[in-house]
Each structure stands twice: as C-alpha cells, then as structure tokens.
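Colleague: Let me begin by handing over the structure; questions about it come next.
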Amino acid sequence: MGAVEELVARAGGCAVIDGGFATQLEALGADINDPLWSAACLIARPLLVKEVHLQYLEAGADVIISSSYQATIPGFLARGMSLDEAEDLLRTSVKLALEARDEFWKSTLRKSKPIYNRALVAASIGSYGAYLADGSEYSGSYGADITVKKLKDFHRRRLQVLAGAGPDLIAFEAIPNKMEAQALVELLDEESIQVPSWICFSSVDGKHLCSGESFAGCLQILNASEKVAVVGVNCTPPQFIEGIIGEFRKQTKKAIAVYPNSGEVWDGRAKRWLPAECLGHKSFDALAKRWQEAGASLIGGCCRTTPSTIRAVSKILKGRAGH
Ligand SMILES: C[S+](C)CC[C@H](N)C(=O)O
Ligand SMILES: N[C@@H](CCS)C(=O)O
Ligand SMILES: [Zn+2]
C-alpha cells in the first residue's frame, strides 16, 4: 500500500488536509505583501511558519503542506540570495514542516487517548503563474512564448531539491492549465522522482481549469503517470466542488483531493481578496461531508480558510476534532 492509501485508511476513509497556510501566517501577523508571498516568511519568520503547521496539526490535519508554494529559485535570486541560499530555503520549508509533524506526534504519543494520526508532510509546488504573481495563476494565460520545455525548466531544480528534502509527498497546487500538467508529468518521469505526488488544479467556473480547458483532457494526462498518486482541485470556490468530484470520478480511478478556498476571489492586480458572493465559512464543514460522500479521499481548505475551518472539517468527517 502506498503512503497516501495507508493514511486514508488510517483516517477512516477520508484524510484531512490543512487549510490556508498564507492566510494563517497573515492572521498571526506576518507581512506577505511581497513578490515571494508566503515564502517571504521562510526568510523573515521561520518560527511562525512552524507555528502555523502546529496549529493545523492541533486542528486535526492528517496532511500538512509546506510553505514553499511561492518559494522559487529565481524568486530568491531576485531577492539577492545566492543559489545555495535559495536551495537551503527550499529545504528549510520541508524541514520546518517535518519538525512540526515530529514534535506534535511525539507529544501526541504521550497522551493517554491519542486522537490524532501521524500526519504526512507534502512539499508544496505552486504554478509558474504563482511565481509570475501577475494574476495568471487564476487565468492560466502564460502568453504565446511559453512551452512545455520552458515550464519543465522552471520547475526542475525546485522539484529536485524539495523531493530530496525528505517529504512524504509532493503537492503541485493550483495548476491552471493543461500545458503545465503535461510539463509536470514529464518532469516527474525525467527526474525519476520517487516521492508520490498529487497534482491539483484550480477552477474559476467549476466546469473547466482556470484556462478554460477541460478537466477530462488533463486527467487523461495524469492517469497515464504512475508517479501521480492523487488528483484534485484546490483554491477553487467551495460551491463548485461537489460537481467537480462527480466529473473527476468519471475520468479517473486515482484518489481525489479537494481543498477549496473560502469562495472569496483573488484580485491579482490589487493583491487582495474580494468578498465571497455565495458562501461563507459557516457551511464549509457541512459541504465537506458532502464531498466525502461524493468520493473525495482527502479534504481540507485553501486560501482564507483557517485552523477553525479545519477543526470543524475534522469533526464532521471523523466525529472528532483537535483541541
Ligand atoms: C494563491 S494567490 C492568492 C498567491 C499570491 C499571488 N501569487 C501573488 O504573488 O500575488
Ligand atoms: N498551500 C498554499 C496554497 C495557496 S493557493 C497556501 O495555503 O497558502
Ligand atoms: Zn489557495
């Protein structure tokens, strides 16, 4: 059995993923208004990064995702760092999550009635659009000059470094178009990555990727790769998730992960979240139960969800929450 299947079985059929990482860093006082976004905290506030991981573990997360979503080598070089320093910061993102997981697990084992599973650490890899920080992570429009080769070259070294840092999983997050999915699958093979991966897409209409391309075409690409253990969607409005799970189940036999945002919309120019039109946090946990029934095996939250969202999700999915 693979690491993901084992975790899902231990969690009783549906594992809980953490919630918005950058969101919680901000809630604890971090300044992420930065070209590196939440990855700026790897330089300025590493202890806060670990604290956010611990808060999600306490809330009941079975999988925590590292703070490397927007941590890229060119991004760190542009900040004046050397290549060695940039690669060390990538490793640090995984190390902080592993340390939080191990410390939390040790303290759990000391309790008389353990209510937690030993969590898995997923190393986050955001899209090329996240690095561009120009709103293209929600449009999938990378311009006419972009090719599969350029995308592979952008992702290659970060993937090698993160995979070598000892995570349990690699989490490709909010992938907005088919070309990037193709590049990632080819790269996993070319680099013989042994750490199991998940690839999650983002959608703004619930029917297509952000680029307007079909889920079916992308899932065909992912289905062909044995390196991809889990497929899914993240940072997508919660009201679309049940329909998306139904569509994914028609197109794939792989485990499905869903971790939507709060429904608020990112304004890539103004760099702020615009209010949700449909749903607030209140119904997120009730929806999570429906996502489980619809066939998702890993469920959590993305931007603008918090440890309290994940505590409620854990409670409704497992009948118990963290403290
Ligand atoms: C998931 S979005 C809110 C991440 C932030 C964006 N890439 C930016 O840098 O502005
Ligand atoms: N894991 C990242 C995803 C951003 S879309 C975060 O939660 O900040
Ligand atoms: Zn998000």
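Colleague: Can you tell me how many residues in the range 133-159 are surrounded by fewer than 16 Cβ atoms within 10 Å (Cβ to Cβ) and within 16 Å of ligand 3 (Cβ to nearest atom)?
Modeller: Going through the range 133-159 one residue at a time, the tally reaches 1.
Colleague: Right, something else. Test GLY140 against the stated conditions and say whether it is of a type outside the set (Phe, Trp, Tyr), assigned to a helix (DSSP H, G or I) and either over 25 Å from LEU89 (Cα atoms) or within 16 Å of ligand 2 (Cβ to nearest atom) (or both).
Modeller: Working: of a type outside the set (Phe, Trp, Tyr): yes; assigned to a helix (DSSP H, G or I): no; either over 25 Å from LEU89 (Cα atoms) or within 16 Å of ligand 2 (Cβ to nearest atom) (or both): yes.
Here the answer is no, as GLY140 does not meet what is asked.
Colleague: Right, next: From the list LYS178, LYS150, pick out the single residue that is basic (Lys, Arg), more than 13 Å from ligand 1 (Cβ to nearest atom) and without any contact (Cβ under 8 Å) to a residue 24 or more places away in the chain.
Modeller: After ruling out the rest, the residue left standing is LYS150.
Colleague: When only residues in the range 61-100 that are small (Gly, Ala, Ser) and touching a Phe, Trp or Tyr at 6+ places or on another chain (Cβ under 7 Å) count, which is farthest from ligand 2 (Cβ to nearest atom)? If you could, list the steps in order and put the result at the bottom.
Modeller: Here is the first cut: in the range 61-100, the residues small (Gly, Ala, Ser) are 61, 66-68, 71, 75, 78, 80, 82, 86, 93, 97, 100.
Among the residues that remain, those that are also touching a Phe, Trp or Tyr at 6+ places or on another chain (Cβ under 7 Å) are: 67, 75, 86.
Values: SER67: 8, GLY75: 15, ALA86: 19 Å.
Out of the qualifying residues, it is ALA86.
Colleague: Let me ask something additional. Against the definition (hydroxyl-bearing (Ser, Thr, Tyr) and within 16 Å of ligand 2 (Cβ to nearest atom)), how does THR108 come out, yes or no?
Modeller: On the way: hydroxyl-bearing (Ser, Thr, Tyr): yes; within 16 Å of ligand 2 (Cβ to nearest atom): no.
It is false that THR108 is hydroxyl-bearing (Ser, Thr, Tyr) and within 16 Å of ligand 2 (Cβ to nearest atom).
Colleague: LEU287 - would you say it is hydrophobic (A, V, I, L, M, F, W, C) and at pLDDT below 95?
Modeller: Numbers: hydrophobic (A, V, I, L, M, F, W, C): yes; at pLDDT below 95: no.
No; evaluated as a whole, the condition is false for this residue.
Colleague: Please identify the pairs in which a residue from the range 33-55 that is of a type in the set (Lys, Arg) has its Cβ atom under 7 Å from the Cβ atom of a residue that is in a helix (DSSP H, G or I), counting only partners at least 6 apart or on another chain.
Modeller: Once the first residue is of a type in the set (Lys, Arg) and sits in the range 33-55, its partners that are in a helix (DSSP H, G or I) give LYS50/LEU96; LYS50/GLU99; LYS50/ALA100.
Colleague: With the condition being closer than 19 Å to ARG101 by Cβ, among the charged types (D, E, K, R) and more than 17 Å from the chain's Cα centre (by Cα), I'd like the helices (runs of 4 or more DSSP H) fully within the range 1-84 carrying at least 2 qualifying residues.
Modeller: Those helices (runs of 4 or more DSSP H) span 3-10, 46-59.
Colleague: Restricting to the range 6-32, give me the number of residues that are away from ligand 1 (no atom under 14 Å from the Cβ) and free of Cβ contacts under 8 Å to residues at least 24 places away in the same chain.
Modeller: Within the range 6-32, the subset away from ligand 1 (no atom under 14 Å from the Cβ) is 6-18, 27-29.
With free of Cβ contacts under 8 Å to residues at least 24 places away in the same chain added as a condition, the list becomes 6, 9, 29.
Number satisfying all stated conditions: 3.
Colleague: Quick check, is PHE248 within 16 Å of ligand 3 (Cβ to nearest atom) and out of contact with any His (no Cβ under 7 Å at 6 or more places or on another chain)?
Modeller: Numbers: within 16 Å of ligand 3 (Cβ to nearest atom): no; out of contact with any His (no Cβ under 7 Å at 6 or more places or on another chain): yes.
Criteria not met by PHE248.
Colleague: While we're here: Identify all residues within the range 215-251 that are closer than 16 Å to SER197 by Cα and in contact with a Phe, Trp or Tyr (Cβ under 9 Å, 6 or more places away or on another chain); write none if there are none.
Modeller: CYS218, LEU219, VAL228, ALA229, VAL230, VAL231, GLY232, VAL233, ASN234
Residue-wise test of (1) within 16 Å of ligand 2 (Cβ to nearest atom); (2) surrounded by 15 or more Cβ atoms within 10 Å (Cβ to Cβ).
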| position | (1), (2) |
| --- | --- |
| LEU219 | no, yes |
| SER225 | no, yes |
| PHE240 | yes, yes |
| ILE245 | no, yes |
| GLY263 | yes, yes |
| ASP267 | yes, no |
| ARG272 | yes, no |
| ALA312 | no, yes |
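The values are calculated or read from the model by the stated rules, or taken from the named source; none is laboratory data. All values reported here derive from a predicted model rather than from experimental measurement. A quick note on method: Cβ atoms are made from the backbone with ideal geometry, for glycine too, and the neighbour counts reach across all protein chains shown.
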